[in-house]
């Protein structure tokens, strides 16, 4: 069996020898990369299972930029950041850039080795277009809250606990369920999806539990229920479970507690083995207090909680989401749009996105009906969207939004932002002070 390979960037001879020794003790192969391009190439070709980026000098910007580039290519590939001169600020910046773990020099060999082994025990990241059973994509975004969510999902997936995913419509709850299934020990079994709001009351038992021949008028043959499709090692995804009526809730609760079902017309139980993942855009705590959701079912579901924030609370991720969407839409529509103008990006950053990521993706797809030649400008966005922006009372060319747009697109690199806006650094700093623009480094919830 081939040994797992780790790309190492920025290490001097002594550091690389130290890392080689640590890796060899764990059966790992260290590949020295003399440039960022060499690391990116190996990540793109999926040669390595983890990246270690070292920052020995006083200026860690290169290592931070490399970390961020890797994270944009893969939301799940582990990246370990090693720094010669450590500070609390550098730790925060490394984590914001997408580092999975952080170590300072001199290295604690046992702790680093333990971290490498733990990170490499996770299932391999999804291979877009490859032979992986995972057909979706990872959650896009380098904000602190999205990094924490992705890390939590991989930890939750490794257990067999019931998961409750909450969040507004369009935040990606089904994607989170897919990721949990993919990174779990059950990933080779099906994840059966059940839309709880779409099953009529009189069909709930036959749909979920199945029935025997003659169980009711018209039952001319036995039918396996949806729970039985997942009941032998797979997972069940109860979507919109907050909309399920109390009668159906009672039936679901019993199957969760007993891990067995009785098909209609049968007096023999069928033992099941499945994992429950549920999702809702409702406030279940409020519905419990109103008597609309069973408290005992709520406590059964609310074991591992994954809350997906609305897009308006992580607007810094919008440029990455746009890049991701345009790449997919360019392939789908066989065109080559190269991004947005600064004014268009400022407009999208100003909008609150009540439909969240789904609304953003649909908006961009609408542009492809009558696409521009190269870049998407304000005039290319759908008229209904422009009307919503105008209703906000802020002109699209607002200078503050243009500055914020440039900052976000350069990952808050002040020098790069000043160059992009054709200003001196002092002019940029005066504008930042004038408009009270400060990068929020606190985790978003």
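How would 162, 53 line up from fewest to most surrounding beta-carbon atoms within 10 angstrom? All intermediate terms of the calculation are to be shown ahead of the outcome.
On the way: 162 16, 53 28.
Lowest count first: 162, 53.
Give me D for segment 5-120 in µm² s⁻¹, whole number, from Stokes-Einstein with Rh from the Kirkwood sum over alpha-carbon pairs, 20 °C and 1.002 mPa s. Display every interim value, and only then the final one.
Values: Rh = 13.8 Å.
D, rounded to a whole number, is 156 µm²/s.
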Which order do the peptides 240-252, 342-354, 102-114 come out in when sorted by mean C-beta neighbours inside 10 angstrom, highest first? 342-354, 240-252, 102-114
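Mind pulling the per residue volume of the convex hull built on the Cα atoms of segment 266-310? Å³ is fine. All intermediate terms of the calculation are to be shown ahead of the outcome.
Details: hull volume 5.7 nm³, N = 45.
Hull volume over Cα atoms, normalised by residue count, gives 126 Å³.
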Could you order the peptides 270-278, 24-32 from most to least packed, using the average number of other C-beta atoms within 10 Å per residue? 270-278, 24-32
Per DSSP H run of n ≥ 4, the term is -39500 (n - 2.57); total these for the chain, divide by its residue number, and report the mean residue ellipticity at 222 nm rounded to 500 deg cm²/dmol. -13000 deg cm²/dmol
Please say if the chain is rounded, prolate or oblate, where rounded means a/c under 1.5 for a ≥ b ≥ c the square roots of the C-alpha gyration tensor eigenvalues, and otherwise the choice is prolate for a/b larger than b/c and oblate otherwise? oblate
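Can you put 232, 324, 209, 81 in order, fewest other beta carbons within 10 Å first?
Details: 232 13, 324 18, 209 22, 81 28.
With the fewest neighbours first, 232, 324, 209, 81 line up as 232, 324, 209, 81.
Quick note: the coordinates plus some simple rules give every number you see, no bench work behind them. Keep in mind that this is a model prediction, so the values were computed, not measured. All Cβ positions, even for glycine, are placed from backbone atoms using ideal geometry, and neighbour counts span all protein chains on display.
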